[in-house]
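One structure is given here, and the rest of the page talks about it.
Quick note: the coordinates plus some simple rules give every number you see, no bench work behind them. Note that this is a predicted model, so its numbers are computed, not measured. All Cβ positions, glycine included, derive from the backbone under ideal geometry; neighbour counts span all protein chains shown.
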Amino acid sequence: MEATNSAVLPENLQTAEDFLNFFNVKYDPEVVQTKRVQLLRLYHGVLERYDPPLTMEHYRKAVRIAYGSIKLGQELAFADMGCGTCSGCDV
């Protein structure tokens with residue numbers, strides 16, 4: 001997996017939906033519409049747990065974890081989800 005940073009991600013990734021679509025994460029549009037800010041805050045919070053250099057897999061996993069957390073009702077942007085190091089969930 002090639003090392004990357006946020007500058008390598010496409011510039012058109014602006015919204016929560018853009019990130020979810022880019023990383024092929026199936027989502028409920030109603031959930032994202034009402035929780036987009038929390039979703040993006042959780043996404044950035046998960047990314048901060050990874051040691052650089054970040055890979056595309058780190059970004060993909062962060063999006064999946066953030067959406068899964070929002071979908072499960074874990075909406076606090078600074079809640080410790082314990083998801084930064086797992087590898088076995090299908091979120």
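So how much slack lies between N12 and N24, counting 0.36 nm per residue of separation and subtracting their Cα-Cα distance, in nm? Walk me through the intermediate numbers first.
Details: separation 12, 0.36 × 12 = 4.32 nm, distance 1.53 nm.
Full-extension gain reported as 2.8 nm.
Can you pull the one-decimal nm distance between simple spin-label points at D51 and V31, each 7 Å off the Cα toward Cβ?
Result for the modelled spin labels: 3.2 nm.
Amide H of L54 versus every other amide H placed in the peptide plane: which residues, excluding those fewer than 5 positions away on the same chain, fall under 5 Å?
Correct list: T4.
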